[in-house]
1. Filter region 294-303 for residues that are surrounded by 24 or more Cβ atoms within 10 Å (Cβ to Cβ) and hydrophobic (A, V, I, L, M, F, W, C); which is farthest from V402 (Cα to Cα)?
2. Looking only at region 79-97, count how many residues are surrounded by 13 or more Cβ atoms within 10 Å (Cβ to Cβ) and closer than 19 Å to N136 by Cβ.
3. Go through region 770-804 and count every residue that is closer than 18 Å to H757 by Cα and surrounded by 20 or more Cβ atoms within 10 Å (Cβ to Cβ).
4. In the list D158, D171, which residue meets the criterion of being within 21 Å of I223 (Cα to Cα), open to solvent by 20 Å² or more (accessible area, probe 1.4 Å) and among the charged types (D, E, K, R)?
5. Quick one: which of L573, L568, L556 is in a helix (DSSP H, G or I) and modelled with pLDDT under 85?
6. Select from region 775-796 the residues that are under 14 Å from M709 (Cβ atoms) and assigned to a helix (DSSP H, G or I) and list them in ascending order.
7. Would you pick out the residues in region 262-292 that are open to solvent by 10 Å² or more (accessible area, probe 1.4 Å) and small (G, A, S)?
8. Can you tell me which condition G454 does not meet? The list is (1) closer than 30 Å to F301 by Cα; (2) within 33 Å of the chain's Cα centre (by Cα), and all the others hold.
Amino acid sequence: MLRKIYERLILRFPITVLAVLFIIVGILAVQASKLEVDASAETLLLEDDTDLLFMREMSARYPSSLDMLIISFAPKNDLFATETLHFLDAISQELKRVERVDSVMSILDIPLLENGSSAIKELVNDVTTLRSPHINLQKAREELLTSPIYSENVVSKDLKTTAIVVMLKADETYAKLAEKRNSAREKAAVDTAAKEEFKSASEEFKKYRSEFRIKEYQTIDEIRAILKSHDNEGALFLGGVNMIAVDMITFVKSDLIYFGAILFALLALTLWVIFRQIRYVILPLLICALSIISTAGILGFFGWEVTVISSNFIALQLILTISIILHLIVRYRELASKYPKVPQKELVLLATLSKIKPSFFAVFTTIIGFLSLMLANIKPIINLGWMMASGITMSLVIAFTVLPAILIILPKKRLYIKFEKEFAFSSYCAKIVDKRGFFIVLLAACMVIFAFIGIQKIRVENSFVNYFKSSTQIYQGMKNIDKNLGGTTPMDLVVEFNTDKNADEEEDDFEKEFTKNKNDPKYWFTPKITNTALNIHNYFENNEFIGKVQSLGTLLKVGKRLNNGRELDNFELALIYTKLPEDYKNIILSPYVNIEHNELRFTMRLIDSDPNLKRNELIQKANEELKQIITPDIGTYRLSGAMVLYNNMLQSLFKSQILTLGAVAVVFLVIFIPLFGSLKASLIALASNLIPMGAVFGFMGFTGIPLDMMTITIAAISIGMGVDNVIHYIHRFKEELRLSGGDYTKAMYNSHNSIGHAMYYTTMATVLGFGVLVFSNFIPTIYFGVLTVAVMIMVFFGAIILLPKLLLIFKPFRY
């Protein structure tokens, strides 16, 4: 059937076939213009995470810091010098003139509770700030340095760095559309009839989001321009969720274009070095370009967005496509060299038909590897699976259509085969297989042991500060805040106190009164609540990996200082709660107390750059040890925040990928048995791929290189791509074994001197492709590139050395 398709259509009417294909690609190119980039934090979260729903609920209940930028400022002069305070005032006024800025808060604006009267009643009516007349700067300095509220929060311990908080105006339309989409998504999850509503809400949100991002870019650019104009005043670094999102989108777009351009150039150079003929440079690059445009069109049509995780899809697409083309070109050149008098049409047909079966199964196994990502339950990773599955399918179809069609049009040309003769790497590998069998088997056994032990040491971590190169503004801003202003990665604890009272003889009059007036601040701040608040606050403060902790406990500690060592009673706390001006209340109380819901909230920031921080261990330990403080008779508690959500994502991804890897291996075995016609050969093929790949992961375990949101997908991608060489080699080995009359050694040498060249070329292209990723500003992308290069080199040697040795030892085929 395939022969008839090529003879009667593709090779008979090549120009017509190419014209139709170019028209289809042109249509897809229009759809490619709809491709969008989304680097928002929610792209890294589990779709059905109950902690995400809880965090959204808490964000609606408590004042949010999502629309907030933080500027860390280390002045050249003393922080309390007149010129520094004047500068803080001047830059605050300048920042307020930015259209999206709602307010700016610096040390000039925060309430100095210990600078005025120590009487609580007078304090709430006359709050002192650095802007107040006759302010005592020495007392202000002491308060900022030692206050539980401000130390390592607004100022660093050494008073050399301070924070300027820039609150952005909330975009109500954006918030409403996001809520509408989230609500529709929850409905669609349980009711298939609501999927259209979710699709409509998503499209409406995306359309507005594009407009919103333009404003966001402009805001960040304006603020950065202001900071840059004041470089002479000291070190100014910008941080915050909004800034990270804007920069991440810039990085993703840059990586897409930059990596694609560099890889095209490197592939062109490589193809020229190998083949030294312009047709074998232009043709592969043309097919790669057509494949990428087609894939981008499919992504645009289905609305699959490019995220941080899928930002290297162009590099992946180029690598996979060039691998298909190289196998086809090498086979054609091999036949043309062996049979110089055979007509071009016969050569093209024979080369195409001889490679379509192994290429199809190689692509099929790669698709299975990518589709295994769909079990991750994280939309961007699921989309990456779909993206690459559809992309590699397009590459296969385009390569086996365009290359034969153009080759049949071009005249035969004398081949340049000097590279193959002078660089006989595959022949050298064949000699190793033949002469060093014991060493190969011993090395493989050592690799199995090494992998088994090392893989058990692999850990999963997610350090945002260390995700960026030290030269980037994101890193500099986050590192400065992490080091000097109490940490970066946020985590919350929400405690809900019991409302039901035991109506027994021990219940006193105060408790009965409390039950009647539980929402009255005078009665809410009971000793049970305040003592619990202090115990929890102290627990988190004593953790070496947690930076600044803010809660009701913070105010209680300040109150004790104001009261000359005496604890604030419930009436004094109620007075602060009801009488403190709203602006100041939103700083020191409202984010941590919710009387209506009978809750306390504790916010903290982790020292994200600490290399000894083990996030999952910290969360598990806190959940266990808090049971001793928040006993069932007191209430219930729940950890929340970005720290918890990202940890959930990584742990879920780790478990799903490990489990999936085993399932993929079984699926491959099922595919190999009918493909190779031998269970023994199938097991050899699988072992030749898994052993070297396992050695790389063992190395990660021993060296402490953690898996993160990017590198954790290497297993699925590598096992899918790694078996390509195994399939091509065994397919050719069987043919050579038949031609040699069952001589395994001769078949091995002949296979190395034919398919071995294509395997080497494709591995070289793969190494170059993934090696380009080291130029990224995003550290996980660099790790992804380096580790994938290591895996692909190892599986190449597994296919060209370990696989043939095992075939020689076990002789799975009979002829």
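1. Keep residues of region 294-303 that are surrounded by 24 or more Cβ atoms within 10 Å (Cβ to Cβ), which gives 294-296, 299.
Narrowing the set further to residues that are hydrophobic (A, V, I, L, M, F, W, C) leaves 296, 299.
Numbers: A296: 19, L299: 22 Å.
Step by step, filter region 294-303, then rank; the result is L299.
2. Taking region 79-97 as the starting set, the residues that turn out to be surrounded by 13 or more Cβ atoms within 10 Å (Cβ to Cβ) are 79-81, 84-85, 87-89, 91-92, 94-95.
This time we only want the ones that are closer than 19 Å to N136 by Cβ, so: 79-81, 84-85, 88-89.
Residues in region 79-97 being surrounded by 13 or more Cβ atoms within 10 Å (Cβ to Cβ) and closer than 19 Å to N136 by Cβ: 7 in total.
3. Of the residues in region 770-804, the ones closer than 18 Å to H757 by Cα are 792-804.
Still in the running and surrounded by 20 or more Cβ atoms within 10 Å (Cβ to Cβ): 792, 794-796, 798-804.
Matching residues across region 770-804 total 11.
4. On the way: D158 fails: within 21 Å of I223 (Cα to Cα).
The match here is D171.
5. The unique qualifying residue is L573.
6. Listed by number, the residues that qualify are I779, P780, T781, I782, Y783, F784, L787.
7. A265, A268, A289
8. Every condition holds for G454 apart from (1).
The values are calculated or read from the model by the stated rules, or taken from the named source; none is laboratory data. Computed from a prediction, not measured in an experiment: that's the story for all the values here. Heads up, the Cβs are rebuilt from the backbone with ideal geometry, glycines too, and the neighbour counts pull from every protein chain shown. In case anyone asks, the SASA skips ligands and DNA or RNA and just uses the protein heavy atoms, side chains included. Shrake-Rupley method; radii C 1.70, N 1.55, O 1.52, S 1.80 Å.
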